[in-house]
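Just below is one structure, and these are the notes that go with it.
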Amino acid sequence: MTRLSTVAAALLAATLVTAPAIITPATAQTFGLATMQPGTLNHTTGSAIAKVLKEKAGLNVLVQPTAGESVLIPLVARNEAELGIANLAEVLAATGDGKKPGDLRLIGAIHPLRAAFFVRKDSPVKSMADLKGKKVVWGFSAQRTLDPISRAMLATGGLTEKDINPVLVPNVIRGADDFTAGSSDTFFFAFGAPKVRETDVTVGGIRVVEIPESGMPAARKIFAPGYLSQATPGPFFIGVDKPMGVYTWDNMLFTSAKVKDDVVYKMIEAMDANKADLVSVQPALREFSAAGLYKTYDIPYHPGALKYFADKKIEAKALQ
């Protein structure tokens, strides 16, 4: 028995010595990916990216929902989250006009972000001009840059906020809930978000308020990066009942300068090689490509991303 005890003790000691080598890879750095709340487009996008990076690249990426993009961007800039997803308007607001980006560095544009004002299917409202005098969700105090985007979209119909009855909301989720409750005639949301599908079912059908191409010059005076892209009826474009142009700007993936170059390189590589897995979770990522990440934004890119672009001979594309 003494001999057996000695052998057992030796085996236990050997296990304890080797345990750190076994555990370390599994307990390597956790990367927080800051997104908006569940139900939003970007939470689903973040979930798709986190899943691929964890399963295909071996990176322990966890989605961290926040109250909004104006909240999550500073988290990355202060290196309190390693990754973040936000629309271009929010990123520009946080880094433009001489503001220092802190530790925030771009990985790039992951896909176009298309959004619309929606009404009930039987609403008489057809185009943006028809919103005059209507109760319209407004303000977005937790998503401040949706205010200029909303104003730009209104301008396509020759309207300003003085022409509507604003229903103040902190974010798009609350706006959709108020619409469902009958407190507003419209709600504003990005295509592809689960909340849009939920609202469509709850109210018995929704429809997109159409934006005229002729109104885009007025819109660009308020928000220059916005553009129209084509949408056709289908499961992704809920509320689109005919081919039309919908309001679009870019959706951004960014990281902290403190994240190692080879990790960012590996992230892009894994996303590019496993696009089908991304799309299975988030259909909006059908338009993702490694080449599409790199555009001429006046915001610093992460060196790991720049190395990937250089190695793959990807050149920066001009903005729309």
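The values are calculated or read from the model by the stated rules, or taken from the named source; none is laboratory data. This is a predicted model, so every value here is computed, not measured. Glycine also receives a Cβ, built like all others from the backbone with ideal geometry; neighbour counts cover every protein chain displayed. We work out accessible area using only protein heavy atoms, side chains counted, and drop any ligands, DNA or RNA first. Shrake-Rupley method; radii C 1.70, N 1.55, O 1.52, S 1.80 Å.
Points worth noting:
- Options Asp272, Asp298: the member that is modelled with pLDDT under 95 and not assigned by the TED database to the domain that holds Phe118: Asp298
- Of all residues in the stretch 187-209, none satisfies being open to solvent by 10 Å² or more (accessible area, probe 1.4 Å), under 30 Å from Lys54 (Cα atoms), in contact with a strand residue (DSSP E or B) (Cβ under 9 Å, 6 or more places away or on another chain) and assigned by the TED database to the domain that holds Pro74.
- Of all residues in the stretch 212-250, those that are open to solvent by 50 Å² or more (accessible area, probe 1.4 Å), touching a Pro at 6+ places or on another chain (Cβ under 6 Å) and among the polar types (S, T, N, Q) total 1.
- Considering only residues in the stretch 103-124 that are over 22 Å from Tyr227 (Cα atoms) and outside the structural domain of Tyr265 (by the TED database), the one that is least open to solvent (accessible area, probe 1.4 Å) turns out to be Ser123.
- For the stretch 146-171, the set of residues classified as within 29 Å of Pro65 (Cβ to Cβ), in contact with a strand residue (DSSP E or B) (Cβ under 7 Å, 6 or more places away or on another chain) and open to solvent by 10 Å² or more (accessible area, probe 1.4 Å) consists of Asp147, Pro166, Val167, Leu168, listed by residue number.
- Sole exception among (1) closer than 30 Å to Thr255 by Cβ; (2) surrounded by fewer than 16 Cβ atoms within 10 Å (Cβ to Cβ); (3) among the charged types (D, E, K, R); (4) not assigned by the TED database to the domain that holds Leu293 for Lys100, by number: (4)
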